[in-house]
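Only one structure is covered here, and it is reproduced in the block below.
The values are calculated or read from the model by the stated rules, or taken from the named source; none is laboratory data. Just so it is clear, the structure is predicted and the values come from calculations on it, not from any experiment. Methodologically, a virtual Cβ is constructed for each residue, glycine included, from the backbone with ideal geometry; neighbour enumeration extends over all protein chains shown. Please note that ligands, DNA and RNA were not included when accessible areas were found on the heavy atoms of the full protein model with its side chains. Shrake-Rupley method; radii C 1.70, N 1.55, O 1.52, S 1.80 Å.
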Amino acid sequence: FDGLLPFSEGLARAYDADKKKYGYVKRVNNTLKWAIPAMFKEARNFKEGFAAVSIDGTKYGYIDKSGKVIIGMSYTIGKTANLLDFVEGYAVVGVEVEGKQKFAYLGQNGKKLGNQAFDFALPLRDGLGLVAIQNEEDAKGNFYRFGVYSKDSLKLTLPVQYYLVSDFMYSGEGGFSEGLCATNLGYISSTGEVMIDMGGHHLDLFWPTEQDPESVRYVLR
């Protein structure tokens, strides 16, 4: 093998330099054997029994552990590292709406969660997804206002009004954890109540620049 990556759910991605393709290997005693031949331009780890793969490197679909295509190659990837991975039965995928890149929640049955698409979305946590809508005012400053989308009600349980802090947009680690979510107001509950406030202060976001493209910072003022 010309490249090996960590195991996930019993299979590991492997690279074939001659084919310039990825496949998946499994452990057989103390050796590795191809479980799914190298045939993908791009491939992700298996999550919840499925892996996001791409034949051409632009459009993604999903395979099961036998290599069978379960969901066709129709979706794109966003900025965030772990978009496309299934979390709580749904993956955040890129879709085109009226010529614009949007994001939606895709179920393992190949159907979208509700009919809404968002300017940005993060994986579900505890049945709640942090979603963003960018209006004209936001676009000038290159930031987003976030709200909370419920898997159960298929509605926004919190209006789009919060600014997400830290680098959650790019790491995909944002959202609710242990019942709280960090925003510009402080830590809020899933009902929108500010549980830990910032004492009247606000968190200012500093977004990537050409000089420092990887930076996303926030400061208390």
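As a test of reading the structure, rank D2, D85 by solvent-accessible area (1.4 Å probe, protein chains only), most first.
Numbers: D2 100, D85 25 Å².
Order by accessible area, largest first: D2, D85.
When nucleic acids and ligands are ignored and a 1.4 Å probe is applied, R125 ends up with an accessible area of around 80 Å². Note on the range 1-120: dipole from Cβ charges, positive end direction compared against Q116, L106, W34; the farthest Cα belongs to W34.
Between F1 and K59, the simple label model (points 7 Å from Cα in the Cβ direction) yields a spacing of 2.9 nm. With the cut-off at 1.5 for a/c, could you classify the range 18-112 from its C-alpha gyration tensor as rounded, prolate or oblate? Prolate, since a/c reaches 1.5 and a/b exceeds b/c.
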